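Encoded as structure tokens, the structure appears first; notes follow it.
The values are calculated or read from the model by the stated rules, or taken from the named source; none is laboratory data. Only a predicted model underlies this, so the values are computations on that prediction, with no experimental measurement involved. As a convention, Cβ positions derive from the backbone with ideal geometry for all residues, glycine included, and neighbour counts pool all protein chains shown. Only protein heavy atoms, including side chains, enter the accessible area calculation; ligands, DNA and RNA are left aside. Shrake-Rupley method; radii C 1.70, N 1.55, O 1.52, S 1.80 Å.
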Amino acid sequence: MDSILVKGGQTLSGQIPISGAKNACLTLMPAALLTSEPLTLTNAPRLSDIRTMASLLESLGCEVASLQHRRVLAISAGADLNHIADYEIVRRMRASNLVLGPLLAREGRAVVSLPGGCAIGARPMDLHLMGLEALGAKLELKDGYVHGTANGGLKGGTVDFPIVSVGATENVLMAATLAKGTTVINNAAREPEIVDLARCLRAMGAQIEGEGTSTITVQGVESLHGATYQVVSDRIELGTYMLAPAIAGGSVELLGGRRELVASFADKLEQTGVTVEDTDAGLRVTRNGERLRAVDVRTEPFPGFPTDLQAQMMALLTLAEGTSALEETIFENRFMHAPELLRMGAKIDVHGGTAKVEGVERLTGAPVMATDLRASVSLILAGLAAEGETTVARVYHLDRGYERLEEKLGGCGARIERIKG
Ligand code: UD1
């Protein structure tokens, strides 16, 4: 298994191009199931999760062509679709459950494996099922699979989500495009991925209003058609690389970055004493020699501070002056990076959903273990600032979400290399 070796202590300078968003692309790909015409996605990130979704769609009978060095995906869900999403693929990635809504809408039936638990928490599917039932789907859980039917097709309805769920909003939004009549989704997620999905569906002929607000209204149409759509920039990759000069020192321009994608995160970053500026090509983050300041962080649905940047922010705050409190409100088990950061000299006390981080003067390199995608990259960030060498093992987690990480950071002067194992 590969690992990544980081030799810390180098300040960074240069530019990092931000790729297309993994989570947006993973949502747009299943939308292809809604039409027999091709959906072409440009600016796709080259990541293992994208290949997993392509395999799942192929197993459902789609043709997936990867063009222009895998930057462009052309997906055709022709007339003959299979409606069974097998556990073997679904268990590898939770986003697989996003085929449920489109299959029900287009085929009137779907059998989709439940994804099972994952390292960061239970991540249930009850809200997805509740939303689809409101559109008239009959759903039953059997042998670890959701068996769904929509005899006579889905019908528009009102969905009142008790809590904000990105995945459930996406599933219902896709299903509603082909349902008869009007669907209103209340307490909808407002994440940029939802906005991207709504725009793509609209390019395919769907009638949608209100994306980016907490009420989305969908007027069902008879059928959708093919389209070409550009995937939005990855806000989590953007935030992660904004933290690189913040923790290591220096100045880096994030090409394609936009502040509105990470506004609450950028505000917190500035409170630590780091500068964030708009440039013609993106965003520039600069840290002068001064000590960082502690800040309190609470993860929330968008536009709040994203749970997917909590681990990376914690790495930064281990070096800030004072004590920071990080509260995780989205997932119950998302502090697995804390014990690894302790091995590098951080002072962190986890109690339930809150981590108290007492800033230290310096971190020291150590062999550490990646436990999930965002946790792994937080250890790389910590390694950039630590004295000596940090080796991050189990980097397959990282490869699910960060494209050419060593090249992107190495291009700005970081001493980082992949060790094949
Ligand atoms: C979540 C994040 C998203 C992030 C993604 C990948 C939020 C609101 N969502 O999206 O920003 O990109 O992880 O890490 O920050 N839940 C239920 N029942 C369900 C579905 C969800 O109880 O049927 C709960 C979850 O356990 C969680 C909360 O709702 O506590 C939000 O989950 P959800 O937004 O659905 O998760 P993802 O779509 O995976």
**OP:** Would you mind finding the one in Ala44, Ala110 that is assigned to a loop (DSSP other than H, G, I, E, B), outside the structural domain of Arg258 (by TED's automatic domain parsing), open to solvent by less than 10 Å² (accessible area, probe 1.4 Å) and modelled with pLDDT of 95 or more?
**Re:** Ala44
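Quick check: anything in the stretch 170-177 within 17 Å of the chain's Cα centre (by Cα), within 16 Å of the ligand (Cβ to nearest atom) and closer than 21 Å to Leu135 by Cβ? Walk me through how you get there before you give the answer.
Pass one, the stretch 170-177, residues within 17 Å of the chain's Cα centre (by Cα): 170-171.
This time we only want the ones that are within 16 Å of the ligand (Cβ to nearest atom), so: 170-171.
From the residues that got through so far, the ones that are closer than 21 Å to Leu135 by Cβ too are 170-171.
Yes, because at least one residue in the stretch 170-177 is within 17 Å of the chain's Cα centre (by Cα), within 16 Å of the ligand (Cβ to nearest atom) and closer than 21 Å to Leu135 by Cβ.
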Original post:
Of all the helices (runs of 4 or more DSSP H) wholly in the stretch 319-421, which have at least 3 residues that are within 16 Å of the ligand (Cβ to nearest atom) and touching a Lys or Arg at 6+ places or on another chain (Cβ under 9 Å)?
Top reply: 373-385
**OP:** Give the number of residues within the stretch 178-198 that are of a type outside the set (Val, Ile, Thr), buried (at least 23 other Cβ atoms within 10 Å of the Cβ) and over 20 Å from the mean Cα position of the chain (by Cα).
**Re:** 2
Subject >> Selected residue (only one of Leu326, Leu379 is in contact with a Leu (Cβ under 9 Å, 6 or more places away or on another chain), in the same structural domain as Val252 (by TED's automatic domain parsing) and under 14 Å from Ile247 (Cα atoms)) >> reply: Leu379
**OP:** Please specify each residue of the stretch 58-97 satisfying the condition of being hydroxyl-bearing (Ser, Thr, Tyr) and outside any helix (DSSP H, G or I).
**Re:** Ser66, Ser76
Subject >> Residue count for the stretch 287-297, restricted to those that are open to solvent by less than 40 Å² (accessible area, probe 1.4 Å) and in a strand (DSSP E or B) >> reply: 1
Original post:
Using beta carbons and a limit of 7 Å, which pairs, at least six apart or on different chains, have the first residue in the stretch 160-179 and among the small types (Gly, Ala, Ser) and the second one open to solvent by less than 10 Å² (accessible area, probe 1.4 Å) and within 8 Å of the ligand (Cβ to nearest atom)?
Top reply: Ser165/Ala189; Gly167/His128; Ala168/His128
Original post:
In the stretch 28-41, how many residues are surrounded by fewer than 24 Cβ atoms within 10 Å (Cβ to Cβ) and within 18 Å of Asp86 (Cα to Cα)?
Top reply: 0
Original post:
Only one residue in Glu300, Glu277 is open to solvent by 50 Å² or more (accessible area, probe 1.4 Å), modelled with pLDDT of 95 or more, outside the structural domain of Ala189 (by TED's automatic domain parsing) and within 16 Å of the ligand (Cβ to nearest atom). Which one?
Top reply: Glu300
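Does the stretch 140-159 include one or more residues that are open to solvent by 10 Å² or more (accessible area, probe 1.4 Å), within 15 Å of the ligand (Cβ to nearest atom) and in contact with a Gly (Cβ under 9 Å, 6 or more places away or on another chain)? Before you say what the answer is, go through the steps one by one.
We begin by selecting, within the stretch 140-159, every residue open to solvent by 10 Å² or more (accessible area, probe 1.4 Å); these are 140-145, 147, 149, 151-153, 155-158.
With the extra rule that they be within 15 Å of the ligand (Cβ to nearest atom), the set shrinks to 141.
Adding the requirement that they be in contact with a Gly (Cβ under 9 Å, 6 or more places away or on another chain) leaves none.
Within the stretch 140-159, not a single residue is open to solvent by 10 Å² or more (accessible area, probe 1.4 Å), within 15 Å of the ligand (Cβ to nearest atom) and in contact with a Gly (Cβ under 9 Å, 6 or more places away or on another chain).
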**OP:** Select, from Leu141, Leu135, the only residue that is in contact with a Leu (Cβ under 6 Å, 6 or more places away or on another chain) and aliphatic (A, V, I, L, M).
**Re:** Leu135
**OP:** Look through Leu98, Leu132 and report the one residue that is among the aliphatic types (A, V, I, L, M), closer than 23 Å to Leu47 by Cβ, within 11 Å of the ligand (Cβ to nearest atom) and open to solvent by less than 10 Å² (accessible area, probe 1.4 Å).
**Re:** Leu98
